[in-house]
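Presented below is the structure to which this report refers.
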Amino acid sequence: MSIEVKNLLKEYGAQKAVNAISFKVGKGEIVGFLGPNGAGKSTTMKIITGYLQQTSGEVFVCGINVAEEPLDIKKKIGYLPELNALYYDMYVREYLGFVAEVHKVNSPRSTVDRVVDLVGLTPESKKKIGQLSKGYKQRVGLAAALIHDPEVLILDEPTTGLDPNQIVEIREVIKKQGKNKTVLFSSHILQEVEAICDRVIIINKGVLVANDTLSNLQKGDKDNHFVIVQFKDPLDKIIFEGLDSITKTEQLQSTRFKLQTGNPELVRKQLMEIALQQNLNIVSLQSENQSLEHIFKSLTN
C-alpha cells in the first residue's frame, strides 16, 4: 500500500482532532478525503506528510514509517497544503527551480519546463508569484508538488480559487497523475470528487464514517433512490397519492416531479400504468441514485 493509516489519533488537550481512524490507499487510486470544516482532514494530511506528529497510531507511506523516517517519506510525497505558502518576491520559474534543487532533481531546467506546461502556467511563468491571481498561485503550488515526480500526491483543496475552466484543466492533470501515482485529495466541491475519484473517505468530528466506492455508498441507503418523471401537460402531485412505493414527492416544475423511493423499478412501472389509465403523455422517465451531496449530508449532520 502506498498510504496506510493505522488507529491514528491526534489530541489537542481534551479535544480529539483525529480519533483512531484507519484506512489504506493503493497505487493508481484517486481517493477523495471529505468532511465538514474542522472534521480533521487537514490534520490527517499533515500527519501523513510528516509535518505534524500524531498522539498515537502509525502511518506508513510506501512502506516507510512516517514518524521514524520523516525526511525519507518527503522524497516520495508531493504535498499541496490548504494554505499554499509561496515566496511572492520570486519569479515562477525561479521558485520552481529552487524547489527542484531542494529535491535534487536531475535536469532542473527541463523539469521546470515540463511542470509549467503540465499545470498550465506557461502564460504567467515570467511573472513574480505575487503578481499572479489566486488561481495561478494555486497552480504554482501544484507544480511544486509535482516537481520531483513523487509516488504519492497529497492535495488539500487543490482547486481553491480556480475558475470553472481552470478546475476542468486541473481535474485532468489530477486524473492523469492518478494513473501511476497514489492521490489523496480533499475538496468541498463534491462534483469534482464525483468526477475524479475511485473511492471516497469521509470523516466527521475526527471519526471515520465512510470508506467505499461512490457506487457502493449510493446503494447503501436503499430508501434514497429517485425517479424523475416529466409529463407533457401540467399536473398536480396529488396524482401520486396512494403509491406506497413513493416516500417523498417533490414538484420541480408544473410538469416535472422528483419521486423518492426504495424501489425505482416498481415506481417506473406504476407511472406507466397511471399514464395509460388516465391518458397522460410521459415525456421523460429516468432513475437517479442519491448524489454525493446527499450522502455527505446524511453522514455528517
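Residues in the stretch 3-48 that are among the small types (G, A, S) and crowded, with 22+ Cβ neighbours inside 10 Å: G32, G35, A39, G40.
Just one residue in the set K10, K24, K16 is in a strand (DSSP E or B) and without any contact (Cβ under 8 Å) to a residue 24 or more places away in the chain; that residue is K24. Would you please name the residue that is surrounded by the most Cβ atoms within 10 Å (Cβ to Cβ), looking only at residues in the stretch 105-127 that are charged (D, E, K, R) and over 30 Å from the mean Cα position of the chain (by Cα)? Among those residues, the one meeting the criterion is K127. Taking the stretch 273-292 as the range and being over 19 Å from N216 (Cβ atoms), surrounded by 12 or more Cβ atoms within 10 Å (Cβ to Cβ) and of a type outside the set (V, I, T) as the test, the residues that pass are A275, L280, L285.
Criterion applied to A100, A85 was being out of contact with any Phe, Trp or Tyr (no Cβ under 7 Å at 6 or more places or on another chain), over 27 Å from G26 (Cβ atoms) and part of a loop (DSSP other than H, G, I, E, B), and the one residue passing it is A85. Picking from residues in the stretch 204-225 that are small (G, A, S) and at pLDDT 90 or above, the one that is surrounded by the most Cβ atoms within 10 Å (Cβ to Cβ) is G206. Could you grab the pairs with beta carbons closer than 6 Å, sequence gap of 6+ or different chains, first residue in the stretch 264-293 and modelled with pLDDT under 85, second one part of a helix (DSSP H, G or I) and not aliphatic (A, V, I, L, M)? Hits for this filter: S287/P264; N289/Q218; Q290/Q218; L292/E194.
What pairs come out if I take residues in the stretch 98-113 that are of a type in the set (V, I, T) and pair them with residues that are surrounded by 11 or more Cβ atoms within 10 Å (Cβ to Cβ) and outside any helix (DSSP H, G or I) whose C-beta lies under 7 Å away, six or more apart or interchain? Filtered contacts from the stretch 98-113: V99/I147; V105/I147; V105/H148; T111/V105; T111/I147. Just one residue in the set V152, V193, V173 is closer than 23 Å to E94 by Cα and either surrounded by 15 or more Cβ atoms within 10 Å (Cβ to Cβ) or assigned by TED's automatic domain parsing to the domain that holds S22 (or both); that residue is V173.
Among the listed residues V92, V102, which satisfies the condition of being over 24 Å from the mean Cα position of the chain (by Cα) and surrounded by fewer than 16 Cβ atoms within 10 Å (Cβ to Cβ)? Step by step, each of V92, V102 is checked, and only V102 is over 24 Å from the mean Cα position of the chain (by Cα) and surrounded by fewer than 16 Cβ atoms within 10 Å (Cβ to Cβ).
The set of residues from the stretch 106-120 being closer than 11 Å to V173 by Cβ and either among the basic types (K, R) or in a loop (DSSP other than H, G, I, E, B) (or both) comprises V119, G120. Scanning the stretch 241-263 for residues that are touching a residue at least 12 places away in the same chain (Cβ under 8 Å), within 18 Å of F231 (Cα to Cα) and either touching a helix residue (DSSP H, G or I) at 6+ places or on another chain (Cβ under 9 Å) or hydroxyl-bearing (S, T, Y) (or both) returns L243, I246, T249, Q251, S254, T255, F257, L259. Looking for something in a helix (DSSP H, G or I), free of Cβ contacts under 8 Å to residues at least 12 places away in the same chain and over 23 Å from G28 (Cβ atoms) - is there at least one such residue anywhere in the stretch 159-181? So far as the stretch 159-181 goes, yes, one or more of its residues are in a helix (DSSP H, G or I), free of Cβ contacts under 8 Å to residues at least 12 places away in the same chain and over 23 Å from G28 (Cβ atoms).
Of the residues that sit in the stretch 53-71 and are part of a strand (DSSP E or B) and in contact with a helix residue (DSSP H, G or I) (Cβ under 9 Å, 6 or more places away or on another chain), which one is surrounded by the fewest Cβ atoms within 10 Å (Cβ to Cβ)? The selected residue is N65. Among I295, I228, I201, I246, which is the only one that is surrounded by 15 or more Cβ atoms within 10 Å (Cβ to Cβ) and assigned by TED's automatic domain parsing to the domain that holds K179? Of I295, I228, I201, I246, the one residue that is surrounded by 15 or more Cβ atoms within 10 Å (Cβ to Cβ) and assigned by TED's automatic domain parsing to the domain that holds K179 is I201. Please verify whether V105 is in contact with a Ser or Thr (Cβ under 9 Å, 6 or more places away or on another chain) and farther than 23 Å from Q138 by Cβ, treating the condition exactly as stated. Here the answer is no, as V105 does not meet what is asked.
Residues in the stretch 7-34 that are aliphatic (A, V, I, L, M) and within 13 Å of G206 (Cβ to Cβ): L8, L9, A14, A17, V18, A20, I21.
The values are calculated or read from the model by the stated rules, or taken from the named source; none is laboratory data. This structure is a prediction, so every number in the text was calculated from the model and none was measured. Cβ sites come from the backbone with ideal geometry, for glycine too, and all protein chains shown count toward neighbours.
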